[in-house]
Amino acid sequence: MKNSNTFIWVLLVVITLASVSSMGKSFAFYFILSMALLKIILVAYHFMELKRAHRFWITSISLLFTIIVCAIFIQYR
Amino acid sequence: MEQAINNEKNIFYPPGGLLIWIIIFLECITFGMGLIAMITYGQDNHLLYHDSSQTLNKYTAITNTIVLLSSGFFMAETLRNIKLKKYTTAKLFLQLTILFGCIFLGIKSFDYIEKISSGMSISYNIFFTFFWLLTFFHFLHVLLGVIILVYFLWKFNSVISEVSMTENLEAGAAFWHLCDLIWLLLFPVIYLIY
């Protein structure tokens, strides 16, 4: 069993720090929320092991959070 | 073993079991609706939201995000090591998960005490009403998650010897990662975008 968890953990921390460092920039709002969505999908797929579950689960959790983030985009404008 | 492999790709057998995933979806929808409501109220109070957000301690929030992501990583490693039958390492990772969960709760408690002593309680303004409702509800989830994991640490010998207990730990792990998912959405909306 190849261990990709360490790589994903480092990637998640790097994305978090990149999001924080983008604060104040013109594109920050869209970047921060897009990165949050990416992190959620990474956690669900790798840490929650949806990679070994039926495709329905990763599709539906990704779809749910995409809808929530899109609703935030629309309401924030 | 063959049955377990077949179950993995069965739509009715997600990791941790169907029931915990129903809970995960309901919780995510609840928090998502809470955040959308928060943003909607912010349309008429943009300056208030901006000023209120500036009073939040972003450094503790960033630290807490990294702490929670790390605890999620330790939880994933716990399950991976149990499957590899490396039980001593698995137990160590479970202890680290609980420790980081407690660190998160400690930092958040410090943050709450700071806010209360500054008079920024739930009735201070609309931003802090949502701040307290969403973050404290999440705080309770992490607290419950820690209690569940402490139980599995206490019953660790059963976890590694009984298949049903290993499956229960998988459900506990899914609940723990739910706390990650919720925080990953709360953190940018409450602390960063305003």
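What follows draws every value from the coordinates through simple rules; no lab data is involved. Here the structure is a predicted model, which is why all the values come from computation and not from measurement. A quick note on method: Cβ atoms are made from the backbone with ideal geometry, for glycine too, and the neighbour counts reach across all protein chains shown.
Out of every Cα pair in segment A:5-76, what percent are spaced more than 15 Å from each other? Working shown, then result.
Values: 1487 of 2556 pairs.
Of all Cα-Cα distances in segment A:5-76, 58 percent exceed 15 Å.
Given a Förster distance of 30 angstrom, what is the FRET efficiency for residue A:52 paired with residue B:26, based on the Cβ-Cβ distance and rounded to 0.05? Kindly include the intermediate steps, with their values, before the conclusion.
Details: r = 23 Å, r/R0 = 0.78.
It comes to 0.80.
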| message | Take residue A:14 and residue B:59, extend 7 Å from each Cα along the Cα→Cβ direction, and tell me the distance between the two endpoints in nm. | response | 2.6 nm
| request: Return the calculated 222 nm mean residue ellipticity for chain A, to the nearest 500 deg cm²/dmol, obtained by summing -39500 (n - 2.57) across DSSP H runs with n ≥ 4 and dividing by the residue count. | output: -23500 deg cm²/dmol
| request: Any aspartates and glutamates with Cα under 20 Å of the residue B:9 Cα? List them, leaving off those in the same chain fewer than 8 positions away. | output: A:49, B:167, B:170
| task | Can you tell me how much longer the chain between residue B:166 and residue B:19 gets when fully stretched, taken as 0.36 nm per residue apart minus their C-alpha distance, in nm with one decimal? | result | 51.3 nm
| remark: Rounded to a whole number, the mean other protein chain Cβ count within 10 angstrom for residues of B:169-178 is 2
| request: Report the residue, chosen from B:99, B:153, B:84, that carries the largest GNM mean-square fluctuation when chain B is represented by alpha-carbon nodes joined by springs under 10 Å. | output: B:84
| message | From the C-alpha coordinates alone, can you work out the Kirkwood hydrodynamic radius of chain B, in Å? | response | 18.0 Å
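Per residue of A:27-34, what is the mean number of Cβ atoms on other protein chains within 10 angstrom of that residue's Cβ?
Details: counts 0, 3, 4, 1, 2, 6, 5, 1.
Mean partner shielding for this stretch: 3.
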| task | Specify whether the C-alpha gyration tensor of the protein assembly as shown places it in the rounded, prolate or oblate class, a ≥ b ≥ c being the square roots of the eigenvalues: rounded for a/c under 1.5, otherwise prolate if a/b is larger than b/c and oblate if not. | result | prolate
| task | For segment B:150-194 and segment B:27-71, write down the distance between their C-alpha centroids in whole Å. | result | 22 Å
| Cross-link reach list, lysines versus residue B:58, counting only Cα pairs under 28 Å and skipping chain neighbours closer than eight places | A:25, A:39, B:108, B:115
| Under 5 Å between amide H atoms, partner at least 5 residues away or on a different chain: which partners does residue B:56 have, H built in plane at 1.01 Å? | none
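Using a 10 Å cut-off around each Cβ of peptide B:14-24, what is the average number of partner chain Cβ atoms that fall inside? Numbers along the way, then the final one.
Working: counts 11, 7, 3, 0, 0, 0, 0, 6, 0, 0, 5.
For this peptide, the per-residue mean of nearby foreign Cβ atoms is 3.
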